[in-house]
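First comes the structure, then the notes that go with it.
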Amino acid sequence: MGRSAAVALNLLLLAVPAQAGVQPFPPSFKTQTISTNGARLFVRIGGHGPAVVLLHGYGETGDMWAPLAVALAHDHTVVVPDLRGMGLSSHPAGGYDKKTQGMDVAAVLDALKIDKAALVTHDIGNMVGYAFAAEQRGRVTKFALLDAPLPGVGPWDEILKNPLLWHFRFGGPDMERLVKGRERIYLDRFWNEFSADPKSFDEASRRHYARLYARPGAMHSGFEQFKAFDQDAIDNKAFLAQGPLAMPILAVGGEKSFGPMMAVVMRAAATDVKEVVVPRSGHWLMEENPAATIAAITDFLQ
């Protein structure tokens, strides 16, 4: 990184913690809806240079990545989709297994005429990114995964025993009736219990995401993401049988969440794994300690 770029990044990082609410993407970013295999994905695109794809997780949308997108756009082409069934993307009846969603990522890159890209992923995005990277290994240059396990990989069975993860089995029409009109109550549980300090996930952000998850079909689609985990575990074990990932991996865990466990998970699936633990953070790394998270990712992608 050049001196001027490093200075600009440092100024950005100093400003990040003071900004509350979901930040808008810069006006230089364009948006478009891209048809994939049975879904329509809302995608933000900006910057110039080698491509990097940012994949969000449950309880958020691609909006979570705005501060990182700003930091990367000066020397990367940044691609930020909303996953199928989330945010402003469509809500198809099926396709919530992560292998299918990995094909969504491939379709987005094909539509944008991007051959290769780095991946930065969080939560459910980790699972989608892994499926894409495992199926199309030659297209992924580097892969940073933030604070969530992979079904069927490494200590998955032990992770499932954690009582905080009861929502992995929560779903179906009765559960949808229970949360209809109460989406904010349901989502607050994730933002509160999975953070080191619930105040780090500010009220403006909570209102923003709660509105998006209250859209027709959004909660059903969210439950389908978790319902697919059994199939994801089967698919991931088949990927593992093909051999470990060879591209450089950054395994990032929040100090008060997965921490070093992220590296344990990824060393079961890849050969070149660097470990980073973000201090003073739980699961919501981009909200709880954005400066340290952005610094780790930008350093890895250089």
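The values are calculated or read from the model by the stated rules, or taken from the named source; none is laboratory data. Computed from a predicted model, the values in this text were never measured in an experiment. Backbone-built Cβ (ideal geometry, glycine too); neighbour counts: all protein chains shown.
Yes/no matrix, rows are residues, columns are (1) out of contact with any strand residue (DSSP E or B) (no Cβ under 8 Å at 6 or more places or on another chain); (2) surrounded by 14 or more Cβ atoms within 10 Å (Cβ to Cβ); (3) in contact (Cβ under 8 Å) with a residue 24 or more places away in the chain:
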| position | (1), (2), (3) |
| --- | --- |
| LYS180 | yes, no, yes |
| ARG184 | yes, yes, yes |
| TRP191 | yes, yes, yes |
| PRO198 | yes, yes, no |
| PHE201 | yes, yes, yes |
| ARG207 | yes, no, no |
| ALA210 | yes, yes, yes |
| PRO216 | yes, no, yes |
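So LEU145 fits all but one of (1) part of a helix (DSSP H, G or I); (2) out of contact with any Asp or Glu (no Cβ under 7 Å at 6 or more places or on another chain); what number is the exception?
(1)
In this structure, is ALA251 outside any loop (DSSP other than H, G, I, E, B), modelled with pLDDT of 95 or more and surrounded by 24 or more Cβ atoms within 10 Å (Cβ to Cβ)?
Numbers: outside any loop (DSSP other than H, G, I, E, B): yes; modelled with pLDDT of 95 or more: yes; surrounded by 24 or more Cβ atoms within 10 Å (Cβ to Cβ): yes.
So ALA251 fits the description; yes.
Take PHE168 and tell me if it is in contact (Cβ under 8 Å) with a residue 60 or more places away in the chain, among the hydrophobic types (A, V, I, L, M, F, W, C) and over 18 Å from ASN289 (Cβ atoms).
When the stated conditions are applied, PHE168 passes them.
Could you tell me which numbered condition LYS161 fails, if it satisfies all but one of (1) more than 26 Å from TYR130 (Cα to Cα); (2) outside any helix (DSSP H, G or I); (3) of a type outside the set (A, V, I, L, M, F, W, C); (4) free of Cβ contacts under 8 Å to residues at least 40 places away in the same chain?
It fails just one condition, (1).
So ASP82 clears everything in (1) under 20 Å from ASP299 (Cβ atoms); (2) crowded, with 22+ Cβ neighbours inside 10 Å; (3) among the charged types (D, E, K, R) except one condition, right? Which one?
(1)
Could you name every one of the strands (runs of 3 or more DSSP E) located completely within the range 28-134 that has at least 3 residues being of a type in the set (S, T, N, Q) and at pLDDT 95 or above? Steps first, answer last, please.
Numbers: elements: 30-35, 40-47, 51-55, 77-81, 117-122.
Of the strands (runs of 3 or more DSSP E) lying wholly inside the range 28-134, those with at least 3 residues that are of a type in the set (S, T, N, Q) and at pLDDT 95 or above span 30-35.
Return the residues of the range 39-77 that are at positive phi and in contact with a Ser or Thr (Cβ under 8 Å, 6 or more places away or on another chain); say none if nothing qualifies.
Applying the first criterion (at positive phi) to the range 39-77 yields 47, 49, 59.
Within the range 39-77, GLY47, GLY49 meet the criteria.
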